[in-house]
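Structure record follows, encoded as structure tokens.
The values are calculated or read from the model by the stated rules, or taken from the named source; none is laboratory data. For clarity, every value in this text was computed on a predicted model and none was experimentally measured. As a convention, Cβ positions derive from the backbone with ideal geometry for all residues, glycine included, and neighbour counts pool all protein chains shown.
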Amino acid sequence: MITEERHRRIGELLRHREHVSVDELMAECGASGATIRRDLDVLALHGVLRRVHGGARSLVLGGENPEYGQRQIEDHAAKIRIAAGVAALLQDRRHVWLDSGTTATEVARQLRHRDMTLMPMSLRAVNALTDGGPAAGRHPELLLPGGSLIAGELSFRGPMTESNIRSLRFDTAVLTPCALSLGDGLLAHDLDDAAVKRAGLESAGRVIVACSGSKWNASAVALVAPLDAVDVLVTDKQLSTEELARLTQHSVEVVIV
């Protein structure tokens, strides 16, 4: 396995197991003990796991919210497809608000050479949008919201962020909820994130929601908005006839990638 594949496999194992040993990972990944230990050190640095003697311990099964590094390696292929689906729905020379999170960062990568104006909600998206510098060619024009920066996530939060979002009008908001429920709508893990998402949603003429199948009916506590606020949903989830009917009742267009 190449390094990226090993990291994803280790992250997947620790979503379902409380602890894995170096010896188990050597057999699982076909790598040496020294290579696995380096992998674990890197993943611990990025908040994917907790390094312990002889192996690693899961943060998720220990009751901790998965950090950006853990989420980044989950459903990666699906997030790339979703991001491409979102990019195909956006027109050039438009103003777009872009949420924070791992899926939003993939959307930013898809848009890094597009002719549009973007307000991204995280420095990770900013980095993706400006990757390669001037030598890489055209980049979107960026508007940064200011406010407080959340460590690890590198996302903007707080009253200043919300005020700056609401001072503008966007053609489209691209929102990436922490969870989606057909009953409750769009959800976030905390009130501050929900408030920023709500500000972006309410400041746009059209709302596109990008949501991987793993977020359907996931656990989250803060309500962002009901499904009536959504215009287009882009997802990798294969929806049942009943689910599609429920979304149609809310006038939500569905794009399955």
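A few remarks follow.
- Segment 179-201 - residue that is in contact with a Leu (Cβ under 9 Å, 6 or more places away or on another chain) and closer than 18 Å to Leu118 by Cβ and, of those, surrounded by the fewest Cβ atoms within 10 Å (Cβ to Cβ): Leu201
- Flag for Thr176 being surrounded by 20 or more Cβ atoms within 10 Å (Cβ to Cβ), modelled with pLDDT of 95 or more, among the polar types (S, T, N, Q) and under 17 Å from the mean Cα position of the chain (by Cα): yes
- Subset of segment 210-257 [free of Cβ contacts under 8 Å to residues at least 40 places away in the same chain, among the hydrophobic types (A, V, I, L, M, F, W, C) and out of contact with any helix residue (DSSP H, G or I) (no Cβ under 7 Å at 6 or more places or on another chain)]: Trp216, Val221, Leu239, Leu244, Ala245, Ile256
- Boolean, Val48 is among the hydrophobic types (A, V, I, L, M, F, W, C) and either modelled with pLDDT of 80 or more or in contact with a strand residue (DSSP E or B) (Cβ under 8 Å, 6 or more places away or on another chain) (or both): no
Condition check ((1) of a type in the set (A, V, I, L, M, F, W, C); (2) crowded, with 19+ Cβ neighbours inside 10 Å; (3) free of Cβ contacts under 8 Å to residues at least 12 places away in the same chain) across all residues:
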| site | (1), (2), (3) |
| --- | --- |
| Lys79 | no, yes, no |
| Ala83 | yes, yes, no |
| Leu90 | yes, yes, no |
| Arg93 | no, no, no |
| Val96 | yes, yes, no |
| Leu111 | yes, yes, no |
| Asp115 | no, no, no |
| Met119 | yes, yes, no |
| Ser122 | no, yes, no |
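- Residue within segment 198-213 that is under 24 Å from Ala84 (Cβ atoms), touching an Asp or Glu at 6+ places or on another chain (Cβ under 6 Å) and either modelled with pLDDT under 95 or in the same structural domain as Glu12 (by TED's automatic domain parsing) (or both) present: yes
- Screening Glu106 with (1) farther than 26 Å from Glu162 by Cβ; (2) of a type outside the set (Gly, Ala, Ser); (3) in a helix (DSSP H, G or I) gives one miss only, at (1).
- The numbered conditions (1) farther than 17 Å from Leu175 by Cα; (2) at pLDDT 80 or above; (3) of a type outside the set (Lys, Arg) are all true for Ala88 except (1).
- Pick from segment 1-30, criterion surrounded by fewer than 18 Cβ atoms within 10 Å (Cβ to Cβ) and outside any helix (DSSP H, G or I), ranking: modelled with the lowest pLDDT: Met1
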